[in-house]
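My questions all concern the structure below.
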Amino acid sequence: MKNMTRLGLGLLLSSSVAIAHADDVKIGMITTLSGGGSHLGVDVRDGFMLAMEQSGQDDIEVLIQDDANRPDLARSLANEFMQRDQVDILTGLIWSNLAMAVVPAVVRQGTFYLSPNAGPSDLAGRMCHENYFNVAYQNDNLHGAMGAYMREEGYEKPIILAPNYPAGTDALAGFKHLYEGDVVDELYTQMGQTDYAAEIAQIRASDADSLFFFLPGGMGISFMKQWESSGVDIPIFGAAFSFDEILIKAVGSAAIGARNTSLWAYDLDNETNHRFVETFREAYGRTPTLYAAQGFDTANLILSALEVAHPDDQDAFREALRAADFDSVRGEFRFGPNHHPIQDIYVREVVEGDDGQPTNRLLGIAIEDIQDIYYEQCQM
């Protein structure tokens, strides 16, 4: 199996600390490392591995495979990890359609799955499972927070846009739920679309006073570059998925002034986050994105639970995960009853950095202690 990583750093423990995981632990990471949107998977992987390396533990094996953003390949890799490699935990998936293809079968077979990104509504609600934990968000959260923020800012006629796949439909549903008003129109694009002339023409022809969109990865880059040349002049809003540090540098000046919601910011003021950003920059030579932060938190949640129990003791390990006894880079962190976070969502603005390149600046909190609406459908 390619791309296997073994953590070989020693850990010194005082005699008063009990080692709850005497047997080695195997973690299988399936993430997107090639093709469109691969920087999302690269950052999840790098954030996760940074936390693992900082732990110094030599009894955890992390096996890493590239799903190439293909549901069929992700399913095959998950089966391989569980049946051949006997992993205790799976993680890493970026895209909601891949999560829907993989996670239900994984957790039913008794393997823990911890999501560092994708959070489709079905897995938060009717298909929730005791072995499934989302360490990032439920897909609606960041978009709903922006809906609430735009309502408070006085925008009365937004037009909204997203790709037609689970995270896209969740995004627009979440926005409308907390915007609590009418939208001019909602536009759905194709996954991987690169030409947005038709959608921009529809926006131009509308009487919208603002645009909210969700276009992760290369889709957002293509859209923003075409938007800049279109001459349409209304304020732009989105979520961090379309405005991470890598995307906005690829977009350039067109991103300046856009506001976006995020559960994390590199300039968020807490000690854990300061240390994470500093060490990530030292290790990888770049500023971490939201995805790296989520990967880092996912690894540290796992490490905190392993201090209590080995995954073979499923009940004890599950309770240790639920406790979320770790220092999160985002500050306060706790799970709701469906194993999705209850957390603050922040607003950032894209500004010109000291190096002349676009960067995100934290503005404040969009909404406090947001919880998804799907937990009521969860029958755990």
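The values are calculated or read from the model by the stated rules, or taken from the named source; none is laboratory data. Computed from a prediction, not measured in an experiment: that's the story for all the values here. Cβ: placed from backbone, ideal geometry, glycine included. Neighbour counts: every protein chain shown. In case anyone asks, the SASA skips ligands and DNA or RNA and just uses the protein heavy atoms, side chains included. Shrake-Rupley method; radii C 1.70, N 1.55, O 1.52, S 1.80 Å.
Scan region 301-322 and tell me whether some residue there is within 18 Å of the chain's Cα centre (by Cα), outside the structural domain of Gln371 (by TED's automatic domain parsing) and over 20 Å from Val103 (Cα atoms).
No, region 301-322 contains no residue that is within 18 Å of the chain's Cα centre (by Cα), outside the structural domain of Gln371 (by TED's automatic domain parsing) and over 20 Å from Val103 (Cα atoms).
Also: Given the criterion modelled with pLDDT of 95 or more and open to solvent by 30 Å² or more (accessible area, probe 1.4 Å), identify the matching residue among Glu199, Glu156.
Numbers: Glu199 fails: open to solvent by 30 Å² or more (accessible area, probe 1.4 Å).
Step by step, each of Glu199, Glu156 is checked, and only Glu156 is modelled with pLDDT of 95 or more and open to solvent by 30 Å² or more (accessible area, probe 1.4 Å).
Now for a different question. Listed residues Ala68, Ala74; which is surrounded by fewer than 19 Cβ atoms within 10 Å (Cβ to Cβ), within 30 Å of Pro163 (Cα to Cα) and touching a residue at least 12 places away in the same chain (Cβ under 8 Å)? Lay out the reasoning, then the answer.
On the way: Ala74 fails: surrounded by fewer than 19 Cβ atoms within 10 Å (Cβ to Cβ).
One residue alone meets the criteria, Ala68.
Matching residues to (1) open to solvent by less than 10 Å² (accessible area, probe 1.4 Å); (2) at negative phi:
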| position | (1), (2) |
| --- | --- |
| Gly92 | yes, no |
| Leu98 | yes, yes |
| Arg108 | no, yes |
| Asp122 | no, yes |
| Glu130 | no, yes |
| Leu142 | yes, yes |
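I've got another one for you. Picking from Asp355, Asp372, which residue would you name as being among the acidic types (Asp, Glu) and within 18 Å of the chain's Cα centre (by Cα)? If you could, list the steps in order and put the result at the bottom.
Numbers: Asp355 fails: within 18 Å of the chain's Cα centre (by Cα).
Just a single option satisfies the conditions, and that option is Asp372.
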